Every structure is written in structure tokens, then in C-alpha cells.
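For reference, the structure discussed in these notes is given below.
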Amino acid sequence: MALIKVPEVKLRIMSLNTQYCAGSKDDEGDFMKKKDKKELDHNKQKIAELIAEINPDIVCMQEVDKCSNRSHFEDQGEDIRRRVARITNQDRYNYEFGSCIDLDQKKMQELLDRYKLGFLVPAIRKYYEDKKYAWIFEKADVELGMLSPGEVKLHFGNAILTRPGLPIKEVKHEFFFRPSAILIMYLNIIRRKDERKSYLRCKIDYFPKVAEKIPLYVINTHFENNDPKKRIEQTNILYEKLHKRSGAHKILCGDFNDKGEGVLEKIISHPNIKCYPGLLDDMKKFATYPTWKAPPDEVFDAILASQFLEIDSYEVLTDDRYKVSDHYAVVADIRINHDLVPRNILKQMLTKSEQKQ
């Protein structure tokens, strides 16, 4: 069968849930509380050192804070790429961010003021801090001590970094679900019942002219942790979205929080998606969570690829020196080799990529 000769491109991909740089401890109960700045800086440095050592072409990070009060209003993705550049003495990675959670007490106050309901926020805070009213928050499934003292701002989500030679040409960030009424959404975020998970998609210029005809999209996502029903809904939504842009290459990274519902199995069953052989069969080898348990026993994190990409190697970095979060990082070497694509299919891909998606 006739083949079209197109240059081979090799990319090293890393995926890591950073747990907002809180380190490798289980921070679930202190999710909203302000962190020690020295500890955060130490953990950001460890993540930067990991990236510098592994030297990936593309990094997908989940649970990255951007201007949240718990992380001292710093842009963690920006700080990490700055630290990597300092370590390697190279230009900074390109950087894009898409939020999963937006909770801003000041904006909520302004919204309530508009409707003459501004008294609610300080009233709720007063009740929250008074132990004799603890039963109200127990009924609402809100743990006392969860909120930071003072104004709360929480803005965190997914980030994609690409090395300078791989410019990002197009960015799309989309939530899986439309937001609830603002007050309900805020309450649900505090209750850890509604994080409005999202995905971030970047179009990468991996090779001049070829990438114009056959694009490469890197997709970074993070599925719901606490609600299995929502996690399944997110899986079905993403599955359908993967049908779009069928003439493009795709690399899918994420924390899928698969807890036995077959989330990863469903996505891998997509006709245009493949995984590294044995990913779902060897829990011991590919488990990524939690780092505070030896050995980890959950395959939450994965890197997947579309059908005409080759995953040459795949590794979960479980060495102690790579313990930078509550999740271990995943690294895959992926090859874009159009020699693998028969001429007639390549022509179809070229045609489809030129059509307006």
C-alpha cells in the first residue's frame, strides 16, 4: 500500500496532579486552608526539579492554583515554569491555564449586594465560626475548620506547558457542566460536592506545515473525585468530544479518578484512542495514587493517544525522589510517524483538517 513520507516527530509527555503544591501528604481535610508559604515554595521547587530532570516536551498538570488565597495568590504554573527555566538555563515553557474551580467571596458579596442580600456572607461566616451553630453546617455537610479565616478566593485547575520550540496555536477551555446558581455552586464547592471539572485543549505546532494540515491537540482534564455519577457523566461527555476533529492527532492526559466505574476503560474503548499495552491490567506497575501509601493502588492518572500515534514507552515515576505530590507523575514517549498512515487515510485526514470543525 502506498505511503506518504512525512518526517517523524518524537515527544516526551508528562502528566502530574500537583495537589496545588501542598506536597505528598493527604491534604483533603485542609483543602480550603491557607498553606505555609515556605512549604509551598519547597514543593514548587521539587516539581520544577522533576520537570527539569525528565525534560518533557509537554507537561500537563492538574490541581494548579492561580491566585488563590490558600497559596498566597501566586500563579503556580507561572512560578513552576520560571523555576524550570532557572534550573535548566533555558527559555521558559509556553503556558496555558484553565480553571476547574472558581470561588471568590468578594465577587459573591458584590453579587448579593446587588440584590440587597449582602448581609448573608458575614452572617454565614459568623454562624460558621460559632461552635454552637455547628449542627447547621453538619446538616449541610460542611466540615468546621475547612474554611480559611478571612476572605476566601479559590481559583485552580489544569495547566499545559510546552517547550519553546512547540508553540501553542489555539486554546480552548470548557467546563463539563454549566454552573449551578452561584450561591449553590459556592456552597457545593465548600462541601466538595461540585467542582465543575473541565478540560483544557491546546493545538500544538509540532512541525511546520505538517501541523497546519494534520493538527496535534493536547487535552488535559481532571474528573470529579467524590461523585461517581458525575464522573461517569464527564466520561461520556469527553468520549463524544473525542469524535470531533477526527483528522487530527490527539494526546489525552489527566487525573481520571477511576474508582472501579470503568472510566478509563470507556475512554480507551473509543475507536480513535489507544493506551500503552497493559495499562489497565497491571495495577502494581501503573498505579499513580496515593504516594503516601506503599505501594500505591489506584490507576487515576494516564496518558492516552490517538490511533496514528505510537506510545513507545510509558512509566509511572515512583522513586522516592519523585514524590512531589499525592499523585506520582506519568511519563510517555510518543512518536508522530506518518509513515504508519496509509496514503488514502492520510489524504482523508488532510481533507478533514481543512474542513471547518
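Here are the numbers:
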quantity	calculated
Region 205-322: proportion of alpha-carbon pairs further apart than 24 angstrom, %	30 percent
Centre separation in Å (Cα based) which lies between region 54-75 and region 259-277	26 Å
Length released on extending from Phe119 to Asn89, taking residue separation times 0.36 nm less the Cα-Cα span	5.6 nm
Cα-Cα over 23 Å, subset of Lys106/Lys172; Lys44/Lys169; Lys172/Lys213; Lys44/Lys274	Lys106/Lys172; Lys44/Lys169; Lys44/Lys274
Residue order, fewest to most beta carbons within 10 Å, for His222, His243, His173	His243, His173, His222
Ascending count of other beta-carbon atoms within 10 Å, so fewest first, for Cys100, Cys67	Cys67, Cys100
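Just so you know, all these numbers are worked out from the coordinates, no wet-lab data involved. Everything numeric in this text was worked out from a predicted model, so none of it was measured. Here Cβ is always computed from backbone atoms with ideal geometry, including for glycine, and neighbour counts include all displayed protein chains.
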